[in-house]
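Scroll down for the structure; my scribbles are underneath it.
The values are calculated or read from the model by the stated rules, or taken from the named source; none is laboratory data. The shown structure was predicted, so the numbers you read here are calculated from the model rather than taken from an experiment. Note that each Cβ is placed from the backbone with ideal geometry, even for glycine, and that neighbours are counted across all protein chains shown.
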Amino acid sequence: MPVLLEVDNLQTHFFTPEGVIRAVDGISFDLSAGETLGLVGESGSGKTVTALSILRLVPPPGRIVEGKIEFAGQDLLKLTPSELRKIRGNRIAMVFQEPMSALNPVLTVGSQVLESVRLHQKVSRWEGRDKTVELFKLVGIPSPEIRFKAYPHQLSGGMRQRVMLAMALAGKPDLLLADEPTTALDVTIQAQVLDLLDKLKKNLGMSVLFITHDLGIIAEHADRVAICYAGKIVELAPVRELFARPAHPYSQGLINSIPKMFSGGKDLKLSALPGTVPDLKNLPPGCRFEPRCPRALPLCRKYDSEQKTIRPGHLAACINPLNQ
């Protein structure tokens, strides 16, 4: 499939009185039309800032200092604000992890989605209302005419997230940025929302950049996965390939930390990565994962490895990779 989004050497830093926080520090990846790419990592690894950078919504004191973000042949970093507004919400939309904080509590959910529909589709208020009801049906909201008049606090977490999906789909986007959209939901509702995303992606032909810390979700719903650590992508591979033969020790550590079911009455032991994510204002020399890495070599303290091809379509930034 043709490449829809290409991010090359993206660097987004936050300039604070305490120092420069290199939240995103040289991230590169591409996303094909109709593909779901999972962006995975611990909190503070740069996943959300990457998504906000794509839409140029990084809050101050953050600033994109270098890189290229090419969407459908256009470099988003070179567009004027008016040109970018034609793409943001129309061709690229974003769903956030906590819909209660994203929705206005004093307006009905219908009026909020209606506003988005009228903004992106340039229709009258009555046409917009009909299209909003259709969007509610599309995302599986029961009794959409009644829910149109509901306030956010009157809906469950799953229903609120469906409202956010309806709002994101108002502009019929080619690319959906989903920033941990199921984190605040219970397991049953989480599965329903994920299945809905898969269905919408297939029916509408969307590409999805799915941001999460949950490798279990990625295993079931993504085509490829990019593992983020301290502002960099340390491994990029097809999902099955990554789970079968991870190359970076950090990826192996994340996989090992997933709870596994045992038979025979054995105790369940969880494997945890030692240490913590480094301070982005004071990064260690060489490889950023070296202080936590069980395979670290003396060279790792001196050199930060660049991504190299382990197998076709499988990249890892490691001097001493596994499963070569």
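Evaluate segment 123-135: report whether one residue or more is in a helix (DSSP H, G or I), β-branched (Val, Ile, Thr), free of Cβ contacts under 8 Å to residues at least 40 places away in the same chain and surrounded by fewer than 18 Cβ atoms within 10 Å (Cβ to Cβ).
Of segment 123-135, the ones in a helix (DSSP H, G or I) are 125-135.
Now narrow it down to the ones that are β-branched (Val, Ile, Thr): 132-133.
If we keep only those that are free of Cβ contacts under 8 Å to residues at least 40 places away in the same chain as well, we get 132-133.
From what is left, the residues that are surrounded by fewer than 18 Cβ atoms within 10 Å (Cβ to Cβ) are none.
No - not one qualifying residue is present in segment 123-135.
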Discussion item. Can you report the number of residues in segment 202-230 which are outside any strand (DSSP E or B) and within 14 Å of the chain's Cα centre (by Cα)?
Written reply: 8
Discussion item. I'm trying to understand the selection: among the residues of segment 168-207, which are out of contact with any strand residue (DSSP E or B) (no Cβ under 6 Å at 6 or more places or on another chain) and at pLDDT 90 or above?
Written reply: Asp174
Worksheet item: If you scan segment 95-115, which residues turn out to be exposed (fewer than 13 other Cβ atoms within 10 Å of the Cβ) and in a helix (DSSP H, G or I)?
Response: Ser101
Worksheet entry | Scan of segment 79-122 for residues that are without any contact (Cβ under 8 Å) to a residue 24 or more places away in the chain and at positive phi, ordered by number | Lys122
Response to the item:
Those residues of segment 289-323 that are part of a loop (DSSP other than H, G, I, E, B), within 22 Å of Arg224 (Cβ to Cβ) and touching a residue at least 40 places away in the same chain (Cβ under 8 Å) come to a total of 8
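Among the candidates Leu273, Leu299, Leu280, which residue alone is exposed (fewer than 15 other Cβ atoms within 10 Å of the Cβ) and hydrophobic (A, V, I, L, M, F, W, C)? Lay out the reasoning, then the answer.
Working: Leu273 fails: exposed (fewer than 15 other Cβ atoms within 10 Å of the Cβ); Leu280 fails: exposed (fewer than 15 other Cβ atoms within 10 Å of the Cβ).
After applying the criteria, what remains is Leu299.
A quick yes/no check of all residues on (1) touching an Asp or Glu at 6+ places or on another chain (Cβ under 7 Å); (2) of a type in the set (S, T, N, Q); (3) under 15 Å from Leu55 (Cβ atoms):
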{"residue": "Gln74", "(1), (2), (3)": "no, yes, yes"}
{"residue": "Leu103", "(1), (2), (3)": "no, no, no"}
{"residue": "Leu119", "(1), (2), (3)": "no, no, no"}
{"residue": "Ser124", "(1), (2), (3)": "no, yes, no"}
{"residue": "Lys137", "(1), (2), (3)": "no, no, no"}
{"residue": "Gln154", "(1), (2), (3)": "no, yes, no"}
{"residue": "Arg160", "(1), (2), (3)": "no, no, no"}
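Going residue by residue through segment 59-68, is there one that turns out to be part of a helix (DSSP H, G or I) and of a type outside the set (Gly, Ala, Ser)? Break it down into steps so the answer makes sense when it comes.
Going residue by residue through segment 59-68, those that are part of a helix (DSSP H, G or I) are none.
Checked segment 59-68: no residue is part of a helix (DSSP H, G or I) and of a type outside the set (Gly, Ala, Ser).
Is it the case that some residue within segment 31-41 is over 29 Å from Gly216 (Cβ atoms) and modelled with pLDDT under 95? Steps first, answer last, please.
First pass over segment 31-41, keeping only residues over 29 Å from Gly216 (Cβ atoms): none.
No, segment 31-41 contains no residue that is over 29 Å from Gly216 (Cβ atoms) and modelled with pLDDT under 95.
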Discussion item. Looking only at residues that are surrounded by 21 or more Cβ atoms within 10 Å (Cβ to Cβ) and of a type in the set (Gly, Ala, Ser) in segment 306-323, which one is farthest from Lys232 (Cα to Cα)?
Written reply: Ala316
Discussion item. What's the number of the only condition in (1) in a helix (DSSP H, G or I); (2) surrounded by 13 or more Cβ atoms within 10 Å (Cβ to Cβ); (3) out of contact with any Ser or Thr (no Cβ under 9 Å at 6 or more places or on another chain) that Arg118 fails to meet?
Written reply: (3)
Response to the item:
The correct count of residues that are surrounded by fewer than 20 Cβ atoms within 10 Å (Cβ to Cβ) and either within 24 Å of the chain's Cα centre (by Cα) or touching a residue at least 12 places away in the same chain (Cβ under 8 Å) (or both) in segment 148-173 is 9
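Just wondering, is there one or more residues in segment 14-24 that are part of a strand (DSSP E or B), under 19 Å from Thr212 (Cβ atoms) and touching a residue at least 12 places away in the same chain (Cβ under 8 Å)?
Going through segment 14-24, the residues part of a strand (DSSP E or B) turn out to be 14-16, 19-24.
Going one step further and asking which of them are under 19 Å from Thr212 (Cβ atoms), we end up with 23-24.
Now drop any that are not touching a residue at least 12 places away in the same chain (Cβ under 8 Å), which leaves 23-24.
Yes, the conditions are met somewhere in segment 14-24.
Just checking, does segment 71-79 include any residue being farther than 27 Å from Ile258 by Cβ and aromatic (Phe, Trp, Tyr)? Show your work before the answer.
Let us first name the residues in segment 71-79 that are farther than 27 Å from Ile258 by Cβ, namely 71-79.
Still in the running and aromatic (Phe, Trp, Tyr): 71.
So far as segment 71-79 goes, yes, one or more of its residues are farther than 27 Å from Ile258 by Cβ and aromatic (Phe, Trp, Tyr).
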